[in-house]
């Protein structure tokens, strides 16, 4: 019993230290970008040794992937709670609100996420597959809401759901980058209304 308790305690301490390092990495990336954040800096910022991130994540790429997974895991759980039993345009509205609202909920996490997105194109191409996977998940979620809206008669049958999903995701990402540059929440709210106005409800 004592050994099992000790193993659980060790696992809990390891989990806590991993979470602290991932949060420290997120804060540093938000300020310095991926290129300006080192494993050693993350260890020190989290209150541990310079070498602990290497021991836990293996490499900088491994750490950034862990940051992405942690942020995506939290957001997917948050989104699932928001959507619950919502379908069609009601779900789409909540999905857009969740995406755009993340900038105000945590500007630091949002800045870190978009730094990873952008730097995967030039600094760390090893992250491209991970970023593409998150992009597909978002695009497929939006397209699924629109397809359900078509089945319910909330949008026209001639709507190209896949194309609209790509446009909406691109628009939201552009708006998020703009928000990070000027921190205008009012503009973000207006832009959300413009996006949703593309789909007036109960249009046959």
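Every read-out reported here was derived from the displayed coordinates using simple, explicitly stated rules and does not represent laboratory data. Bear in mind that the values here come from a model prediction, so they are computed numbers and not experimental data. Here the Cβ positions follow ideal geometry from the backbone for every residue, glycine too, while neighbour counts run over all protein chains shown.
Tell me whether the stretch 9-104 comes out rounded, prolate or oblate; compute the Cα gyration tensor, take square roots of the eigenvalues as a ≥ b ≥ c, and use a/c under 1.5 as the rounded threshold. Judged from the Cα gyration tensor, the stretch 9-104 comes out prolate (a/c at least 1.5, a/b above b/c). Placing dummy labels 7 Å off each Cα toward the beta-carbon, the span from residue 197 to residue 98 is 2.6 nm. Listed values [x] 0.97; [y] 1.19; [z] 1.01 include one computed from this model; for Cα Rg over 2.2 N^0.38 Å that value carries the label [y].
Would you mind checking the tilt of helix 128-151 against the longest principal axis of the Cα atoms of the chain, expressed as 0 to 90 degrees and rounded to 10? Between helix and principal axis, roughly 30 degrees. Here the spin labels are modelled as points 7 Å beyond Cα on the Cα-Cβ line, and at residue 49 and residue 190 they lie 5.5 nm apart. In this simple spin-label approximation, residue 171 and residue 136 carry label points 7 Å from Cα along the Cα→Cβ vector, and these lie 2.5 nm apart. Cα gyration tensor of the stretch 92-204, axes a ≥ b ≥ c as square roots of the eigenvalues: rounded (a/c below 1.5), prolate (a/b > b/c) or oblate? Here the stretch 92-204 falls in the oblate category. With respect to the chain, whose longest principal axis is taken over its alpha-carbon atoms, helix 107-119 is tilted by about 90°.
The helix-only estimate of mean residue ellipticity at 222 nm for the chain, built from DSSP H runs of length n ≥ 4 each weighted as -39500 (n - 2.57), is -26000 deg cm²/dmol after division by the residue total.
Each peptide in 63-70, 9-16 receives the mean, over its residues, of other Cβ atoms within 10 Å, and ordering these scores from highest gives 63-70, 9-16. Between residue 108 and residue 147, what FRET efficiency comes out of the Förster formula 1/(1 + (r/R0)^6) with R0 = 35 Å and r the beta carbon distance, rounded to 0.05? In this case the efficiency is close to 0.50. Compared with the dominant Cα axis of the chain, that is its longest principal axis, helix 2-32 is turned about 60°.
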